1. Report the calculated FRET efficiency for B:GLU512 and B:LEU424 (r = Cβ-Cβ distance, R0 = 22 Å), to the nearest 0.05.
2. Which whole-number value in Å³ per residue fits the convex hull of the alpha carbons of region A:214-297?
3. Return the FRET efficiency for the residue pair A:GLU60, A:GLU169: r is the Cβ-Cβ distance, R0 is 41 Å, and the value is rounded to the nearest 0.05.
4. Amide H of B:TYR148: which non-local residues (sequence gap of 5 or more, or other chain) have their own amide H closer than 5 Å, using H built in the peptide plane?
5. So, by mean Cβ neighbours within 10 angstrom, what's the order for B:321-334, A:65-78, B:145-158 with the highest one leading?
6. B:ASP574 to B:ASP105: extension gain in nm, 0.36 nm per residue of separation minus the Cα-Cα distance?
7. What is the order of B:SER159, B:SER280, B:SER179, B:SER241, fewest Cβ neighbours within 10 Å to most?
8. Other chains' Cβ within 10 Å of B:35-42 residues: what's the mean?
Amino acid sequence: MSTQTPESETETETEPEAEAEPPATKSHQQRRMDDKRARAEARDEAAAQAATEFEGETVELKVFRYDPEVEGKEEPRFDSFTVPFEKGMTVLDALIFARDEYDSSLTFRHSCRQAVCGSDAFFVNGRQRLGCQTQMGDLEWPVRVEPLPHQDVVKDLVVEMDHFYDQMESVQPFFDPDELPDGELEEQRQDRENRENIKLSTRCIWCGACMSSCNIAAGDNQYLGPAAINAAYRFYMDEREGEQKRQERLEIIEQEHGVWRCQTQFSCTEVCPKDIPLTEHIQELKREAVKENLKFW
Amino acid sequence: MYEHDVIVVGGGGAGLRAAIAAQEQGADVAIVTKLHPVRSHTGAAEGGINAALRDGDSWEDHAYDTMKGSDYLGDAPAIDTFAKTAPEEVIQLEHWGMPFSREDDGRVSQRPFGGLSFPRTTYAGAETGHHMLHTLYQQVVKRGIEVYDEWYVSNLAVSDEPDPNDRECHGVVAWDVQSGEIAGFKARDGVILATGGLGQAYDHTTNAVANTGDGVAMAYRAGVPIEDMEMIQFHPTTLPSTGVLISEGVRGEGGILYNSEGERFMFEYGYATNDGELASRDVVSRAELTEINSGRGIDDEYVYLDMRHLGEERITDRLENILHLAEDFEGVDGLEEPMPVKPGQHYAMGGVETNEFGETCVDGLYAAGECACVSLHGANRLGGNALPELIVFGALAGRHAAGEDMGEPLIETGPSDEADREELGVPTGLPDSDSAESAADGGEPVVDARSPDDVVADAEVREEERIETLLEREDGVNHADVRANLQQSMTDNVNVFRQEENLEDALEDIQEARERYQDVYVADKSRTFNTDLQHTIETRNLLDVAEAITMGALARDEFRGAHWRKEHQERKDDEWLKHTMVTWNDGDPELWYRPVLLEGHDQTYEPKNRSY
């Protein structure tokens, strides 16, 4: 089954879409830093009230439940848990509380608790987010937690990731240089600028939030999807690989279900928890493909 | 039954490196891991990878720093092997495309780190582990190495000779988390444990929820000695509310620690008058807690780590990830304000006893990475020495398991008949109880095993019974309560500052937890993705490792490295140049000692006063 069943009454609750990103006049880095400052100011204001405000307060968590094997859970339903709110509490903290205090069978993936293992991407209040990275205090209450849309649900918040992994691994996501330096202890040289170009693309934690948010991927199961294209970008742009490999990579990127499917809706970029400019990377690869094709005309 | 030449348990840095090495040696290798490899906690490592790569540095200096950092509890053959091999392994990562931070000339950057006499820490921003993990996984994909991901290995298939030195490991038993299928995995040539840390034995830890000491506990119960378990590293800079790690790279780049009086206490109170903030981790953690206990902490809980003076450009270039962590998990802007930090459980120096090739005393059973104790880190691990350990000893274990002849090891393994047993005078091990059945038992070595296939098949049957028992109980104790009590007791009693009374309290708490665990039950009866069942079994593993940590801590009545004892304020080299060893002994743990090896293949070390 999938979360796109009649069950999904969430559409009415979806948060307003943020506007598409402004043209890239500032660097991505710069924008992130500006955003950060804005958030810090907002936080200072909020902090002043917060300390006393939440004393003794509870928050309601509505969690999607499904288990094909368990009576009463074969049909998806939502369970409500009342969780004592504390400042700094994340969606993951709230889920762990609900599981350990109320229902041990509540099931979700999680591990590092610090936004690097990529296990806990959920659909929280109508948007793909990492549970550990999302503050309960920043959300509208009650907080509604569902599995990632467009993926088969295994149980509760756990979705089948195999298709995502298959797409990730279909782009030859491994470094494959034409040649290496002679000496065993001799490293390849890489320009700082080149490393900078690929830096953001290497941050991907394979959480699947982007793929789940993408309308194209939802309609075309063979579409590589933003994360896999970003992986291709990471290697295509790495100057340490040779020209021959670049050509091979271009063929993968350009295939029928590759970059040209992207309709630049920026939904992937919006939800990426590592702030990878996915849409920009896809656009850049389209330009590369055009450039290369012109060369052979 | 599945069958491969080499089975690697765990998909983090050590496991992936071991699998690649075994495959390059011609073995049919498979990785069996409870998380998909990219979810492994290697990915959370931030700071870097030490290796002597440049003119002016040498492997001997790296080895010397490591031995000094270990407070002379490391074994020289392990340290020498490590320091000598680290450079080629780091360059190998570069050849596999790892996106290291670079110098102007395009070469890999290196920065200073605590306890190092040369800036030899290579890094990739402040997310070095993430890049290392992904680089290694990319090579696994490239080679088509089989990965059984989200398969939980719950026991080893080891033969049942009375002396663990005579036992053989023929595989593992695992279940597919998604479907609940239980299966034996036969290993024709070897099983490599690479299960990582055990930080979940503590309440405030940088470790992942998955770091439950599974490999250590499984090897221990199969008869393999576990070594120097009391040596737990508390990292000096973790965020107070979550335990999220703030990399030592911040101090490496020039970050400063202040107390509530605005004093740079590392210098002003004489904790480390030469190296200050860049003293070894144990030294800085104790300094912070001493400040806090003396009333100079903020909110009586933490101190400040300030990096603002480094400037936005340098911070975003080299430490950007720290800004995100501080903001997301503590609500602090590291560019505008100092970050609150306090010590948190970070790393286990001890673990499964191995020799310098990763072999345990059980034939065919290996361990590498944090779950192993080769012993490289001794009483204190230096920052930047964990990641190279994964690749150096992961590769060696992989190649050895796949059949490469490496000659005779210098490090001895296995229970020794000659060593005297230490009596702690506090009850440990399985409680005497008629109800001690397989669920609480964790699986003893198999009885009447014959061929390797039988050993695996019998182990599989036992695991099926154990799981059935847990699932059939209709009520009882929730493992989460047992785990929470254990974590609290360990954090209260077996922390940075240790004293006899508290350690005894902890052992009592653990006994009580063991008794309650006998009535543990799994509320979720589903076979599909049953995390309740998995966590219940993990909690059993935590009980075993926590007990061994506390036993070692109680026995070692001296102050060495990370191990501080209130009643014993000095390092006692006459008495204590020895490792604490704990053997399971069928549920009645024994504690004994093995001498430290200060003489290696190439050089001999002389214990010196350790000051920074």
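Readers should treat all values here as calculations from the given coordinates under stated rules, not as data from a laboratory. In this text the structure is predicted, and so the values were computed from the model without any measurement. Note: ideal-geometry Cβ built from the backbone for every residue, glycine included; neighbour counts use all protein chains shown.
1. So, using R0 = 22 Å, E works out to roughly 0.85.
2. 90
3. Working: r = 40 Å, r/R0 = 0.97.
The value I calculate is 0.55.
4. Residues meeting the criterion, in which the H sits 1.01 Å from N, are B:ILE31, B:VAL32, B:THR33.
5. B:145-158, B:321-334, A:65-78
6. Length gained between B:ASP574 and B:ASP105: 163.9 nm.
7. In increasing order of surrounding Cβ atoms, one gets B:SER179, B:SER241, B:SER159, B:SER280.
8. Working: counts 5, 8, 1, 10, 12, 3, 5, 2.
Average per residue, whole number: 6.
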